[in-house]
Amino acid sequence: MATNVMTTPTTVGLSPRRRWTVLAVCALSMFLVGVDTTIVNVGLPEIGRGLGVGTRGLEWVVDAYTVVLAALLVVSGALADRFGRRRVFRTGLVVFGLSSLACALAPSLGALVAARAVQGIGASMLSPVALAIVVGAMPDPRERARAIGVWAAVFGLSMAAGPVTGGALIAAFGWRSVFWINAPVVVLALVLVALFVPESRGQRARRLDLPGQALLTVTLGLTVGVLIEGPRLGWGSPAALAGYALAGLAAGGFVLVERRRPEPLMDLGLFRRPAFATAVLGATAVFVALNVSLLLTTLYLQHTRGLTPLASGLATLPMALGATVCAPWSGHLVGRYGARRPLLLAGAFTTAGGLCLVGLGRDTGLPLLLTAYLLIGIGFGFANAPLTNTAVGGLPPSRAGVAGAITSTARQVGSAVGIAVAGALVTGVAPVELPGASRAGWWLVAACGLFLLVAARVARPAAPKA
């Protein structure tokens, strides 16, 4: 599995201060990965002007990162269990840092996309591995629950803070600064890991599932590729039809391979549990909604309204605030009442935010825009903790790690699909026509919120109080 919670004795017996220091170091890396998933969104118009490319090419700048990250999350966790979590974690930091420098120096779109894909490789060694380190360092269940609550809050903050941070950096230093900024953070993280993070491994290393890994990567790459290139190729063109067929064959092959392997990349038997399957789809829906919102907002504010990247980033500040405040609150509600209540709140707020903008026009008032972004941010903040709880609830530790890894993969798939769908809606659209073209995207955001209401029906209604 990706994040086996059983560890070697090197993580046992840490002092409370050392345990929470380990959490802080790992949360720093999580913040880095989360911010880099969304920080580029606000800079896409500037990147396009700087490199002379349009919307379709810019989608690959985001999705090259998220597709690779999604495809490799599970196998990176397995490698960490086998070869040592701190070792793989440090390797991921180095790869992430060097590829960030390559992004900052990229002379062309192709070079930038390639560097972003390598960035995704590095990021895949950070997120699940860091969580496994934290879980291993926190043997007490209550302390571990608090640590995971902090983790969820940092994760929500990082995703929502990306556009604000990106806008400020671009205004001051240009679009390449969103990649330069990673270098000092990576250096700091490497020093802290060397000083404070102990080595640990899974109690039993799993064999790598290379056929399953290859088929998963092909499936995700082809699916997102068809969504991005569809407007250019034509949805009914021979090339698009071939893409559909190949993606379907790869997905079918993945299912067959995973069913026959004694130690599969993904435990597909988990999907027989309605709560787990719904939670995975819910995680995908949340990140589709978030990334559709971020991309459409960026293009609308900068292209149609003529705002600067900084002003565009600041306009999303209510989204960041809503996520930051509600993520820890959601964790508290899950611990006290179960997953159902926060999921109902997440669905209601996300749906309301999407509906606010289905009538978007060139001169839509700023109060309505800010209200919609706040509602979507609140929905996002409430969603993550109950979805993770629903996915892993009731499972033994030997399966909970796999469930968490699959849910993390689903989030990144949602990010990639959201960017691809939003881009497909507005590719080739003149700035004056963009509000009308984006309305289908806001309906999609509302639909994702409605699905969370469905997910709430199968979530556990209550958890025992401490």
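Summary table below
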| item | result |
| --- | --- |
| Packing rank of 341-349, 219-227, 365-373, where each peptide gets the mean count of other beta carbons within 10 Å, highest leading | 341-349, 219-227, 365-373 |
| Relative contact order (%) - criterion: Cα under 8 Å, at least six apart; region: the chain | 24 percent |
| For Gly347, net neighbour charge (Lys/Arg +1, Asp/Glu -1) across residues whose Cβ lies under 15 Å away | +3 |
| Among Phe276, Val413, Asn384 the positive-end extreme of the charge dipole of the chain (Cβ point charges) | Phe276 |
| Within the accessible area of segment 197-309 (1.4 Å probe), percent carbon and sulfur | 66 percent |
| Label-point gap, in nm, between Arg260 and Glu143 - each point 7 angstrom along Cα→Cβ | 4.7 nm |
| Relative packing of 351-360, 229-238, which averages over residues the other C-beta atoms within 10 Å, highest first | 351-360, 229-238 |
| Hz values of 3J(HN,Hα) by residue in segment 428-442 - Karplus curve (6.51, -1.76, 1.60), Gly and Pro given as x | x, 8, 5, x, 5, 9, 5, x, x, 5, 7, 4, 4, x, 6 |
| Test item: Cα-centred dipole of the chain, Lys/Arg +1 and Asp/Glu -1 on Cβ, debye | 1360 debye |
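The values are calculated or read from the model by the stated rules, or taken from the named source; none is laboratory data. All values derive from a computational prediction rather than experimental measurement. Every residue, glycine as well, gets a Cβ built from its backbone with ideal geometry; the counts of neighbours run over all protein chains shown. What goes into the accessible areas is simple: the full protein's heavy atoms, side chains included, and nothing from ligands, DNA or RNA. Shrake-Rupley method; radii C 1.70, N 1.55, O 1.52, S 1.80 Å.
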